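These notes concern the structure reproduced below.
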C-alpha cells in the first residue's frame with residue numbers, strides 16, 4: 001500500500017509517493033522516466049543495499065550508475081564533477097534522467113548535476129534516510145558546499161517524482177535516524193502545534209521504528225513542506241521558515257568540520273538556540289528542548305569562538321543587506337523570518 005500527495009507547482013507539479021516495499025517494482029517508476037537512458041547516482045553505503053532492488057523499476061531503460069563516497073565531507077564540486085563526467089562518458093543527451101538513490105547528500109549533489117548538465121535534465125528522488133524523506137528530497141533545492149560555508153553553490157531543480165520507500169529505514173543506523181528526527185521536530189515547531197504534541201507522545205515509537213508512526217510522521221512533514229513550497233518555491237518569503245535552527249546549525253557544521261556533527265544534530269542544537277533568541281516562554285523552550293533531548297539529540301552546541309560563529313553565520317543564505325535574519329518562533333507551531341531580534345540575546349547565545 002502507498003499514499004500519494006502532490007507538490008503543486010503548475011505544469012511542474014509532481015507526486016510524493018510514500019509506502020513500504022516500493023523498490024523492486026512495488027511502484028511503477030517508469031512512467032516518470034521520459035528518457036530511454038538513466039544514470040542512478042548513489043553512494044558506497046546505499047548502493048550495495050538498494051541498487052539491485054531499484055533496477056526493476058527502470059526496466060527497459062539503458063541504466064548506468066555512479067557511486068560517490070559517503071558523507072557530508074564529500075558534498076563538493078569535485079563529487080558533482082564525477083557525476084557530470086559519468087554523464088559525458090555514457091553519451092547522455094538532454095532526454096536522460098538522473099535518479100538519486102540515497103540520503104540528502106546524494107540527492108543534493110545529483111540534483112545539482114541534473115540542473116547543470118545540458119542546462120537541465122530530468123531528475124528523480126529516491127531518498128533512503130529519514131532526513132531526506134521528510135525534508136531534503138522535497139522542494140527542489142540542490143547544491144554542494146563550499147569550503148567557506150554550507151550549500152553556497154546550487155540551483156533550484158524540481159524532481160519528476162519523489163519515491164519514499166519506508167522499508168529502507170530498517171537499515172538506517174540509529175544515529176542517522178535520530179538526525180532525521182530533528183527535521184521532523186522542526187516541521188511541528190514552525191507551523192503545526194498539534195503535530196508537535198503528537199511527537200511528544202510518540203517519540204519512543206519513532207525511535208523504535210514503528211512502521212505506522214514513521215509513515216504518519218513522514219507524510220505529515222511532506223504535507224507541510226509541499227504546502228510551503230507551493231506558495232514560495234524559490235524562498236522569496238515564507239519558505240525560509242523551513243530553515244528554523246539552520247542558521248546556527250550550518251555554522252556548527254562548518255566550524256566543526258563537515259561530518260563531525262551530522263546535519264540533524266547541528267540543527268537540533270540550533271533550534272534550541274533559535275528558540276531562546278525568539279524570546280519564547282521558558283515553558284515553550286523547555287518543551288522544545290525536552291522533545292529534542294528525548295530523540296537523543298544534542299540541545300547545546302559545541303564550544304565555538306564568538307568570532308567563528310559570526311563569520312560562519314555571515315554567509316547564511318537569509319542574510320540581506322549584511323544583516324542576519326533568523327527564523328524565530330512566536331509560539332510552538334507559529335514562526336516567522338525577521339532581521340529584528342534582540343542583539344543581546346544573540347550575543348549571549350554565541351558567547352555561551
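The values are calculated or read from the model by the stated rules, or taken from the named source; none is laboratory data. This one's a predicted model, so the numbers in the text were calculated from it and none came from an experiment. Methodologically, a virtual Cβ is constructed for each residue, glycine included, from the backbone with ideal geometry; neighbour enumeration extends over all protein chains shown.
Observations
- Criterion: outside any helix (DSSP H, G or I) and farther than 27 Å from residue 169 by Cβ - qualifying residue of 85, 70, 95: 95
- Residues that are in a strand (DSSP E or B) and at pLDDT below 95, drawn from region 123-158: 145, 146, 149, 150, 151, 152
- Some residue of region 260-270 being surrounded by 19 or more Cβ atoms within 10 Å (Cβ to Cβ) and farther than 15 Å from residue 185 by Cα: yes
A quick yes/no check of all residues on (1) within 14 Å of residue 40 (Cα to Cα); (2) surrounded by fewer than 24 Cβ atoms within 10 Å (Cβ to Cβ):
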residue: 52; (1), (2): yes, yes
residue: 65; (1), (2): yes, yes
residue: 71; (1), (2): no, yes
residue: 85; (1), (2): yes, yes
residue: 97; (1), (2): yes, no
residue: 106; (1), (2): yes, no
residue: 111; (1), (2): yes, no
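- Some residue of region 79-94 being touching a strand residue (DSSP E or B) at 6+ places or on another chain (Cβ under 6 Å) and either under 30 Å from residue 231 (Cα atoms) or not assigned by TED's automatic domain parsing to the domain that holds residue 119 (or both): yes
- Only one of 179, 226, 215 that is over 30 Å from residue 319 (Cβ atoms) and part of a helix (DSSP H, G or I): 215
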